[in-house]
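The values are calculated or read from the model by the stated rules, or taken from the named source; none is laboratory data. Predicted, not measured: the structure shown is a model, and the values here were computed from it. Quick reminder, even Gly has a Cβ in these numbers, built from the backbone with ideal geometry, and neighbours come from all protein chains shown. The protein model used for the area step is the full one, side chains on, heavy atoms only, and it has no ligands, DNA or RNA in it. Shrake-Rupley method; radii C 1.70, N 1.55, O 1.52, S 1.80 Å.
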Amino acid sequence: MELTTSFDPEVLALPFYEDSHRRLAEEAGAWCDSNRVLWEEIRALDPDAAGRRLVRALGTAGWLAELDPRGAPVDDFRAVCLRREALAYAEDLADFAFSIQALAATPLLRFGSEAQRRRYLPGMAAGTLIGAFAVSEKEAGSDVASVGLEAVKDAADGSYVLDGRKAWIANGTIADVFVVIARTGQGPGPLGLSAFLVPASTPGLRVERIDAIAPRSFAHLSFEGCRLPADALLGRPGKGFVVAVDLLERFRTTVGAAALGFARRAFDTALAHVLGREAYGATLFDLQLVKASLADMEVQLNAAALLVARAAWETDRGSRRFARHSNIAKVHATEAAQGVVDAAVQLLGAAGIVQGSVTERLYRQIRSLRVYEGTSEVLRMAIAGSLDMRRAARATAA
């Protein structure tokens, strides 16, 4: 099977994937290759215009079809990972548009009422309605249990009034609806959180645009006496922590897949450069240090691909320890991708830092993946907490 973008056919041939995934990879790669004109046009737009156009294009092309409850939604994170890898290889903003739309829709798919799903998901699947997930705050980033945004219930009619702020919300400037985690007070810490669906047009909600290293739609949100009807509650009261953690644990693997797409694009760009660049009477590829750098990059790419595939497979098969594998895959893939992109810039030299070049864009785009949906440092603590201590007992007993 010939694949024209990021995928490694040897990895796809492993038992982690099924034939349906291999067909999806081929189709996704071909679609991304056929839309190179779109990627060029997107880069000339401001982030908001680019985001709206991309979500609509992805919806029209069927990339978001599984978000529609009228169809046959499939809880298939191997498919999500393959889509993210293909899009990240082709165009960062396309991966961003797809991932945030899927991120916002998944809580509805998993916890929403039938009425909520009917109201929002068909539009999200078609790309005509844009979603965003709002959990982060300046004082509560990776620590979801520290969320401070308050949602006070009105005993008279069961409505809720939100007061507080959210920070660094992806798609914040273009979203039509937000999935918001707020504190309703059923208990301390994680026990007191609930999830809400907040239309962007809700009175009292204010959006403040912010700029990031890689231009995209980011915003802070301010809630001032923002009243929501009782049916805006997503899931049960006091279960917002479960909604948020369930979502983040599943999507961390897909962040690793996006990192893999970025890194493979950087590697391919560097390989093409050193094969064609003459230096010292030969090509750069003939230099031993260059070969060593490429070999190290290839090792990191292979390890990342295997960890992402294993984590996605563990998630799809319902493993009780899938979150452990998701954390491992995200940490390794994002950290490795940062190194691969940096090495690619080094191999290209001055050409690698020219604004608008592939490697310059990747250098800016890759950095955020080590931060969002759980920083590498926080996830390392979670991985350490999941270690099998019985192994230490067996080792000392021997």
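Suppose every K and R has +1 on its Cβ and every D and E has -1 on its Cβ; what is the size of the dipole of the chain about the Cα centre, in Debye to the nearest 20? The partial results should precede the final answer.
Values: 46 positive and 48 negative charges, 191 e Å.
Magnitude of the dipole: close to 920 debye.
If you line up the Cα atoms of the stretch 209-338 on their principal axes, what length do they span on each, largest first, in Å?
Answer, in whole Å and largest first: 74, 39, 15 Å.
Lys and Arg at +1, Asp and Glu at -1: add these up for the other residues within a Cβ distance under 15 Å of PHE285 and post the number.
On the way: positive: ARG277, LYS291; negative: ASP268, GLU278, ASP286, ASP296, GLU298.
Value of the local net charge: -3.
What dipole magnitude, in Debye to the nearest 20, does the stretch 87-164 give about its Cα centre under +1 on Lys/Arg Cβ and -1 on Asp/Glu Cβ? Display every interim value, and only then the final one.
Details: 6 positive and 11 negative charges, 88 e Å.
It comes to approximately 420 debye.
Just to be sure I understand the model, the point goes 7 Å from the Cα along the line to the Cβ. What's the resulting THR396 to ARG227 distance in nm?
The modelled label-to-label distance comes out at 6.2 nm.
For the pair GLU298 and ALA57, what calculated FRET efficiency results from E = 1/(1 + (r/R0)^6), where r is the Cβ-Cβ distance and R0 = 35 Å, to the nearest 0.05? Let's see the in-between values first.
Working: r = 33 Å, r/R0 = 0.93.
E(calc), rounded to 0.05, equals 0.60.
Sort VAL11, VAL378 by heavy-atom solvent-accessible area, probe 1.4 angstrom, most to least.
Numbers: VAL11 15, VAL378 55 Å².
I get VAL378, VAL11, largest accessible area first.
Ignoring ligands, DNA and RNA, please state the percent of accessible area on the stretch 318-391 from carbon and sulfur, probe 1.4 Å.
Here carbon and sulfur together make up 58 percent of the probe-accessible area.
Keeping all protein chains in place, calculate the accessible area per residue for the chain (probe 1.4 angstrom), answer in Å². Numbers along the way, then the final one.
Values: 17610 Å² over 398 residues.
Heavy-atom accessible area per residue stands at 44 Å².
Just to confirm a number: summing +1 for Lys and Arg and -1 for Asp and Glu over residues other than TRP63 whose beta-carbon lies under 14 angstrom from that of TRP63, what do you get? Let's see the in-between values first.
Working: positive: ARG53, ARG56, ARG83, ARG84; negative: GLU27, GLU66, ASP68, ASP76, GLU85, GLU91, ASP95.
So the surrounding residues net to -3.
Rounded to a whole number of µm²/s, how large is the Stokes-Einstein D of the stretch 100-159 at 25 °C and 0.890 mPa s, given Rh as the Kirkwood radius over C-alpha pairs?
On the way: Rh = 13.6 Å.
Once the numbers are plugged in, D ends up at 180 µm²/s.
Work out how much length THR283 to VAL245 would gain on full extension: take 0.36 nm times their residue separation and subtract the Cα-Cα distance, in nm to one decimal. Numbers along the way, then the final one.
On the way: separation 38, 0.36 × 38 = 13.68 nm, distance 4.97 nm.
Here the answer is 8.7 nm.
Carbon and sulfur atoms: what percent of the 1.4 Å accessible area of the stretch 200-287 do they account for? All intermediate terms of the calculation are to be shown ahead of the outcome.
Working: 2080 of 3850 Å².
The computed percentage sits at 54.
Report the residues of the stretch 135-161 in range of a label on LEU387: point 7 Å along Cα→C-beta, backbone N strictly under 14 Å from it.
Label zone hits: none.
If you stretched the chain out fully between LEU45 and THR128, how much longer would it get, using 0.36 nm times the residue separation minus the C-alpha to C-alpha distance?
Values: separation 83, 0.36 × 83 = 29.88 nm, distance 1.88 nm.
Answer, rounded to one decimal: 28.0 nm.
Enter the per residue convex hull volume of the stretch 88-215, computed from alpha-carbon coordinates, in Å³ rounded to the nearest integer. Don't jump to the answer; show the numbers that get you there.
Details: hull volume 16.5 nm³, N = 128.
Here the figure is 129 Å³ per residue.
Relative to the Cα centre, what is the charge dipole magnitude of the stretch 125-283, using +1 at the beta carbon of each Lys and Arg, -1 at the beta carbon of each Asp and Glu, and rounding to the nearest 20 debye?
The calculation lands at about 300 debye.
Rounded to the nearest 10 Å², what accessible area does LYS153 show when all protein chains are kept and the probe is 1.4 Å?
For LYS153, the solvent-accessible surface is approximately 130 Å².
Let me understand the chain better: what is its radius of gyration from the alpha carbons, and its Dmax, in angstrom?
Calculated on Cα positions, Rg and Dmax stand at 21.8, 83 Å.
Counting C-alpha atoms alone, how compact is the stretch 273-398: give Rg to one decimal and Dmax as a whole number, in angstrom.
Over the stretch 273-398's Cα set, Rg and Dmax evaluate to 19.0, 60 Å.
Give me the extension gain from GLU360 to ARG36: residue separation times 0.36 nm, minus the current Cα-Cα distance, reported in nm with one decimal.
Net length gain for the segment: 114.8 nm.
To one decimal place, what orientation-averaged projected area in nm² is obtained for the convex hull of the Cα set of the stretch 1-146? Mind showing how you got there, number by number?
On the way: hull surface 41.3 nm².
Result: a mean projected hull area of 10.3 nm².
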